[in-house]
Every structure is written in C-alpha cells, then in structure tokens.
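Trainee: This is the structure I have questions about; it appears just below.
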Amino acid sequence: MSTLPWLHPERVALLEQALRRRILILDGGMGTMLQAHELDEHGFRGDRFEHGHDGHAPAHEHPGGCDLKGNNDLLTLTKPEIIRGVHEAYLEAGADLIETNTFNSTRISQADYKLQHLAYELNLEGARLASAACDAMTAKTPHQPRFVIGVLGPTSRTASLSPDVNDPGFRNVTFEELAENYTESANGLIDGGADVIMVETIFDTLNAKAALFALSELFHRRGARMPVMISGTITDRSGRTLSGQTAEAFYYSVRHARPLSVGFNCALGAEDLRPHVQTLANIAESHVSTHPNAGLPNAFGEYDESPEHMAGIIGGFARDGLLNLVGGCCGTTPAHIKAIAEAVRNHPPRALPSDAEAEAA
C-alpha cells in the first residue's frame, strides 16, 4: 500500500494536520441511536420493500417471507433521513470523524436477510450520507474539517474457528470468500466518498487479514491508496480476542499494513479496555484509537455508564498520553461523545515513536 499515491492527498493532509494538533473525536453508537426510534417491520422495509420484493434483486434473491427488522444497515436505503440525523447529532456533539452505517454491509452478513445483492449499494449510499453530513458541518466550521470513516465490519462468520463443536476442522467461510466480500464493500465505500477505511470490531485476525489483503489488492487496481484504520475487540476480561490473541500479538499481526491507527473497540467498557490500549500505546508505530462501550451490558442488555463517568475514565487515558483518536461504541450517545470531547480537549495527542525520536535528537 505504501508505494502508491493517496487517492485524495488533500484530504489526507488535512487529517494528518489535525492528528498532529489534537486528539480527534470519533462518533458513538449507531445501533443505540436507532433503537430509540422503535421502528417496526414496516419501518425497516420502507416503500421499497413494503411488499417483500426488491425490484433490483435477482428472482432468487429477495426478502419475501424474511423479517428485515433489526437490519440497521438497510435503513441507509429505507430511512436515510434517520441515518443522516444520527450523523448530524454526533457532528454537533464534536465528532471529527463519522463512521458509515455499514457494519453489516457485506454479502455474507446481508445474506441473513436475503439482501446480499445490496452490498455495494449499501456501502455506496452509506458513504454518501456520511459525506453529505460531514461536508455540511465542515462548511459551518471550516477550522475543523470533518471526515468520513468507511466501516468494514467483521462479518457474521469467522475464518479461524469452527462453528461446529463436533467438527473443529470445519469452516463455513474461506479467506478468498471474505476477501471478495470486503473488496465489493470497499469499492462502494470509496465510490461513495469515504476518506478513511476502518476494519473494525475484529474478533478474528484472519478475517482482518482478508480485509487488509482485499484493500491492498483494490488499491493497486485503482492505482491509489487510502488511509486504513484497524480496530480489534477484546471479547472478555481474559484480555484476548475471540481467536486467542493478546493485544500485543494482535498489533504485530496487522502492523505490516502500515495503518493510520490501531486500536480497540466494543465488548468492554473504557476501564476494562485501558490496559490493552496502554499496551498499544507502548508499542504501536501508528496512531492509537479506542471507542469502548458505555460499560458492560446489564441483565437487560442495556448500558448504564453515564457520559460523565465514561468521560472521566477516558480523560485519564488522554492525560497519560495514550490516545490519538477516541469515541464510543455500544451504548454511547451524542451526550457521551460531547463529554468525551470536553474531557480530552486540553490534553495533547499521543506522540508517535518517530516524533519522539526526532524531538530527542
């Protein structure tokens, strides 16, 4: 990737300038915000899928007889005004970077709804929506440009582990299939105007490697590259990803991609994520990011950590020089992001090793 020119060099320059000046703010949870709308099946289907058939789909690929409620990514097409509203709320709260509503916009994940044919369109329109919101906010605050993160989620399958406890050698997806899925989705994100691509919520590093391979091949075909962010997830207090890697092992497995940033998100709250972010801050040659949950889910699957409490913990991250980018994941809202932005505002960003060495010299 590193030998290619940037696809949008002026945008990359603006982003790099901002990263040198201060800790940048990511947005918060999308699903959390969408749940507040309490949409029913009709709400998710909209006019396009009202009768259970998508005129753009092949005859054997349509959502007839298949519930679409819960397919948050589909709202990009059926309720774009809601998705745009979520983006705008996070921008108003102070977010510098907005993630596209494309966490499950791969053929593999959309196949659960018989909507795999929409993968490219979901990514294209997801990036366009986020880009329009960012452009409008940048016009209001030209001193603070906003950026679009095109999200590639982990998919609903894992390349490293068997889904069948009775057959440890079985796999329900191949590296090649994952790479094909990521290529199609990334094409949509790029064509829709994303500034950065993020491979996020990585529970299986082999899935991430398929995404990074797909991006590398895609960039070479296009003759230009984009900044890439990588964010894993520590699945429990064992301090490991689902596929068994520690934070340090995870970093060294992906550093070859020379990412803009490496970090952790989801699964844990800020307090439980701190030691793993600390590990990355100690060893990473790239920027370090984190966007944790608002604590751990309670018995009802809800998140109780208040904006003030979460911001207080993350303020400590910033004070100790661990962060370059920070936001929120499950359970976080614009109130959380506003509080986090305030908590880190007066702290300088973590110095990259190359910068620290230059200063020492």
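Values quoted throughout were computed directly from the atomic coordinates according to the rules given, and no laboratory measurement underlies them. These numbers were taken from a predicted model, which means no experiment stands behind them. Cβ sites come from the backbone with ideal geometry, for glycine too, and all protein chains shown count toward neighbours.
Trainee: Give me the Kirkwood hydrodynamic radius of the range 237-310, using the inverse of the mean 1/r over all pairs of distinct Cα atoms, in Å to one decimal.
Mentor: Taking every pair of different Cα atoms in the range 237-310, averaging 1/r and inverting gives 13.2 Å.
Trainee: With a 10 Å Cβ neighbour count serving as the proxy for reagent exposure, in which order, fewest first, do His51, His143, His291 appear?
Mentor: His143, His51, His291
Trainee: If you don't mind, another one. Explain nothing, just compute: Karplus ³J(HN,Hα) = 6.51 cos²θ - 1.76 cosθ + 1.60, θ = phi - 60°, for every residue of the range 41-47 in order, whole Hz, x for Gly and Pro.
Mentor: 4, 4, x, 6, 6, x, 5
Trainee: If each DSSP helix of 4+ residues adds -39,500 (n - 2.57) and the sum is divided by the residues in the chain, what number results at 222 nm, nearest 500 deg cm²/dmol? It would help to have the intermediate numbers written out before the result.
Mentor: On the way: 14 runs with 157 residues, N = 361.
My calculation for the chain gives -13000 deg cm²/dmol from helical runs alone.
Trainee: Less than 20 Å apart at the alpha-carbon level, and either on another chain or at least 8 residues along: which lysines does that give for Lys69?
Mentor: Lys79, Lys114
Trainee: Just tell me which lysines come within less than 21 Å, Cα to Cα, of Lys338; anything on the same chain fewer than 8 places away is out.
Mentor: Those lysines meeting the cut-off are Lys140.
Trainee: At q = 0.06, 0.12 Å⁻¹, what base-10 log of I(q)/I(0) does the Debye formula yield for the chain when every alpha carbon is treated as an equal point scatterer in vacuo?
Mentor: -0.20, -0.86
Trainee: Still on this model: Give me the net charge for the shell around Phe213: Cβ to Cβ below 12 angstrom, other residues only, Lys and Arg +1, Asp and Glu -1. Spell out each step's value before the answer.
Mentor: Working: positive: Lys209; negative: Glu176, Glu180, Glu217.
Result for the neighbourhood of Phe213: -2.
Trainee: For Glu184, Glu248, Glu125, what ranking results if the residue with the fewest other Cβ atoms within 10 Å of its Cβ goes first? Before the final figure, lay out the partial values.
Mentor: Working: Glu184 18, Glu248 14, Glu125 22.
Ranking Glu184, Glu248, Glu125 by Cβ neighbours within 10 Å, fewest first, gives Glu248, Glu184, Glu125.
Trainee: Can you tell me the order of 317-326, 163-172 when each peptide is scored by its average per-residue count of other Cβ atoms within 10 angstrom, highest first?
Mentor: Details: 317-326: 21.5, 163-172: 10.0.
So the peptides 317-326, 163-172, ranked by packing, come out 317-326, 163-172.
Trainee: So, one more: Evaluate 2.2 N^0.38 Å with N set to the residue count of the range 146-242, then give the Cα radius of gyration divided by it. Please report the intermediate quantities before stating the final value.
Mentor: Details: Rg = 14.4 Å, N = 97, 2.2 N^0.38 = 12.5 Å.
The reported ratio for this selection is 1.15.
Trainee: So for Ser289, Ser156, fewest C-beta neighbours within 10 Å to most, what's the order? Walk me through the intermediate numbers first.
Mentor: On the way: Ser289 29, Ser156 14.
The most exposed by this proxy come first: Ser156, Ser289.
Trainee: Could you grab the relative contact order for the chain? Cα pairs under 8 Å, six or more apart, rounded to a whole percent.
Mentor: 19 percent
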